[in-house]
Amino acid sequence: MLFPHCRRRRWIVGFLLSFQLVFLLAGQGALAGAQLPGFTPPSGAVQEGARLPDGVTRLGSLEIAPVRLANRELFRVVAPAVIDRQNPGTQIPVEWRAETIEDSLAEILRLADSGLFPEPNGGGWEMYRSAYDPETLQVSIARLNNQTILIATDANHLQPLTLLTVSDLDARYYSLTVPELAERWREILQTTLVDALLQRQPDVLQQQARRAFLMAIGMIAISLALWLLWLLLSRRCRQLESRHQQEATGSAAAVMHDDDGLAGRHQFLAGLRSQFKLERRLSLIGLGLWLTVWGQVVVWLGGLLWIYALFPATAPLAEILSTRLLSLLLIWFTVGLLNRIGNIAIVRLARAWEDNHFLLEDDQRRSLRIPTIVRSLKGCKTTAVYLLGLGWALNVLGVSLSSVLTLSAILALAISFASQSLVKDLVNGFLILLEDQYAIGDYVTLCQVSGLVENLNLRITQLRDVEGRLITVPNSQITLVENWTRIWSRVDFSVAVAYDTDLKKALSLIETVAQALFTDPIWGSKLLEPPQVLGIDQASHEGIVIRVWLITKPMKQFDVRREMTRRVWLALEEAQIEVGKPQQVMWHHTADVSAPLQPEPTWVNPIADPSQKTG
């Protein structure tokens, strides 16, 4: 089938409903989880067997690690390099220092109470107020033990909370003095912490909850509209696909119900052209169906990420999902879109090829080559696009492009050795298309089997024989091609007349019949040249054989042969010319008991003595 998704509509609807149900539950969890105290994303763990932990970089004898708040990098801290992290001794690894600073910042953002839901008896959202007050919070620079530190205080916490120490190594890394760097970090922390605390205030959370509720309603409305559009397109797709299947079945039945399996070829070709037009429309409808499905994904995923980003506790999760997950979905969408746009572009190119005769070939040959090449180009294009998307996705996941290319080369080399016949199939299939040895709709003989070509790609050729069997032939096994329908065909007509026939009369009669067939308004259109009566071809025990050649249009030779046989038989019967019959020669001898057993053979000439003929 051209578009399996039209047949799998129930599966798609079930998938969309499940997708929406899961995200609705996740959205409700986000609204509740937004108020969970202490909800923070997991920090990056040290990679087993790695030389440096995740996020840590080494610069000479120094190591640098980022300090993050709510999954956002604020600045970087520096520490001396640690050679053996299993036994650091008195050294403090830079990632430990970064985690200590992050824990101090998280302490400021911690909620004042650990309750899960607001109490209905007046507690309300006040129980979720953060421990520090954003209006009175101050981040200051202080000196402790001859070191420059940053501290945090507010009206409720007169005892300062030490956030970090600004070291000389930090100042050297930023090419600043310690006081200058301390002032820069103070401004960053002051702005970031105040904004984070404001987002955790009860009135702000209530406002964000209302926005999330309105967003959920809008997502449901848009999703319902997209679903209705999908139903309309799916119904139209099923109608066109059913019509396509009926035409394909009718064309195949016309071929199989004919005595030779060939006279219905014109109906097959007409059906092939009609199917090609249907494929154009189905490609556009398939693109619309695909866009509606992706519209559902964009609505729900984008809406839920927006809801997650509203609440401080789930904002880091939204940022994590919006990096790699959205990148992978974008790759998937781009690859699918390129694949479908490529299909439409190939179909339009084929239409231009069909309308503009920029290749020197007849219309009938062009109508055969276009569907054949279009199907092969679509297969090659799909493979190339998805391989490109796979490499792109691996690059997003952190796998280097050079590693991907190296692995691909190794796999290609291994496959070429393990599946040499597959490589031969592809090469031979490419040559078949390039040289136009045959196309879909041709009647050919391959590997001692004959049939109408129903499918052709770079790997296989599928034939439908007279009995309706679908025969699949790998292209690597095709060494000899007999194309019965290329450019023109010929009827090699022979008829045997009896030995006692007037040959001049017989030749004149057959030539008259052949010329009458050529001048006939119906049958003459099937002939490309006047018939050639070659004359007496041979004389055998069956009689004297007269041979005629008739050059016909492709695949017309079988119809012309039937009509020529019918007319010649009627003309011979009307002229009382006897057709040839197999002759026998008999040996006679007289049995004599006294004589030695040496019979004398007697040969009877059937022409001289017709009474001695035997059937």
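The values are calculated or read from the model by the stated rules, or taken from the named source; none is laboratory data. Computed from a prediction, not measured in an experiment: that's the story for all the values here. Positions of Cβ are generated from backbone atoms using ideal geometry, with glycine treated the same way; all protein chains shown enter the neighbour counts. Ligands, DNA and RNA are stripped out before the accessible areas are found, and what is left, the full protein with its side chains, is counted by its heavy atoms. Shrake-Rupley method; radii C 1.70, N 1.55, O 1.52, S 1.80 Å.
Here are the numbers:
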{"read-out": "When residues of region 374-391 are limited to those that are hydrophobic (A, V, I, L, M, F, W, C) and more than 30 Å from residue 320 (Cβ to Cβ), the one modelled with the highest pLDDT", "value": "384"}
{"read-out": "Residue 184 at pLDDT 90 or above, closer than 22 Å to residue 96 by Cβ and basic (Lys, Arg)", "value": "no"}
{"read-out": "Answer residue from region 296-328, given it is β-branched (Val, Ile, Thr) and open to solvent by 40 Å² or more (accessible area, probe 1.4 Å) and is nearest to residue 216 (Cα to Cα) among those", "value": "298"}
{"read-out": "Qualifying residues in region 57-102 (those that are of a type in the set (A, V, I, L, M), over 17 Å from residue 167 (Cβ atoms) and open to solvent by less than 70 Å² (accessible area, probe 1.4 Å)) - the one modelled with the lowest pLDDT", "value": "70"}
{"read-out": "Only one of 394, 470, 407 that is open to solvent by 60 Å² or more (accessible area, probe 1.4 Å), at pLDDT below 80 and out of contact with any His (no Cβ under 9 Å at 6 or more places or on another chain)", "value": "407"}
{"read-out": "Matching residues in region 86-99 - criterion: being without any contact (Cβ under 8 Å) to a residue 24 or more places away in the chain and closer than 18 Å to residue 52 by Cα", "value": "86, 87, 88, 89, 91, 92, 96"}
{"read-out": "Residues of region 137-159 satisfying the condition of being open to solvent by 50 Å² or more (accessible area, probe 1.4 Å) and free of Cβ contacts under 8 Å to residues at least 24 places away in the same chain", "value": "143, 144, 145, 146, 147, 155, 158, 159"}
{"read-out": "So residue 229, is it open to solvent by 60 Å² or more (accessible area, probe 1.4 Å) and assigned to a helix (DSSP H, G or I)", "value": "yes"}
{"read-out": "Of the criteria (1) farther than 16 Å from residue 499 by Cα; (2) loosely packed, with under 14 Cβ neighbours inside 10 Å; (3) out of contact with any strand residue (DSSP E or B) (no Cβ under 8 Å at 6 or more places or on another chain), which one residue 523 fails", "value": "(2)"}
{"read-out": "Selection count, region 65-102, where residues are in a strand (DSSP E or B) and not small (Gly, Ala, Ser)", "value": "12"}
{"read-out": "Candidate set from region 531-555 (those that are in contact with a helix residue (DSSP H, G or I) (Cβ under 8 Å, 6 or more places away or on another chain) and part of a strand (DSSP E or B)); member that is surrounded by the most Cβ atoms within 10 Å (Cβ to Cβ)", "value": "550"}
{"read-out": "Residue 177 being β-branched (Val, Ile, Thr), in contact (Cβ under 8 Å) with a residue 40 or more places away in the chain and open to solvent by less than 80 Å² (accessible area, probe 1.4 Å)", "value": "no"}
{"read-out": "Tally, over region 156-191, of residues that are more than 56 Å from the chain's Cα centre (by Cα) and among the acidic types (Asp, Glu)", "value": "3"}
{"read-out": "Number of the condition not met by residue 176 [criteria: (1) out of contact with any helix residue (DSSP H, G or I) (no Cβ under 8 Å at 6 or more places or on another chain); (2) under 20 Å from residue 147 (Cα atoms)]", "value": "(1)"}
{"read-out": "Some residue of region 273-284 being among the small types (Gly, Ala, Ser), touching an Asp or Glu at 6+ places or on another chain (Cβ under 6 Å), within 30 Å of residue 348 (Cβ to Cβ) and modelled with pLDDT under 80", "value": "yes"}
{"read-out": "Number of the exception - residue 243 against (1) of a type in the set (D, E, K, R); (2) open to solvent by 70 Å² or more (accessible area, probe 1.4 Å); (3) at pLDDT below 70", "value": "(3)"}
{"read-out": "Among the residues listed as 459, 464, the single one being touching a residue at least 40 places away in the same chain (Cβ under 8 Å), over 12 Å from residue 483 (Cα atoms) and of a type in the set (D, E, K, R)", "value": "464"}
{"read-out": "Residue within region 352-373 that is open to solvent by 30 Å² or more (accessible area, probe 1.4 Å), modelled with pLDDT of 75 or more, of a type outside the set (Ser, Thr, Tyr) and in contact with a helix residue (DSSP H, G or I) (Cβ under 7 Å, 6 or more places away or on another chain) present", "value": "yes"}
{"read-out": "Positions within region 473-498 being of a type in the set (Gly, Ala, Ser) and surrounded by fewer than 18 Cβ atoms within 10 Å (Cβ to Cβ), in sequence order", "value": "494, 498"}
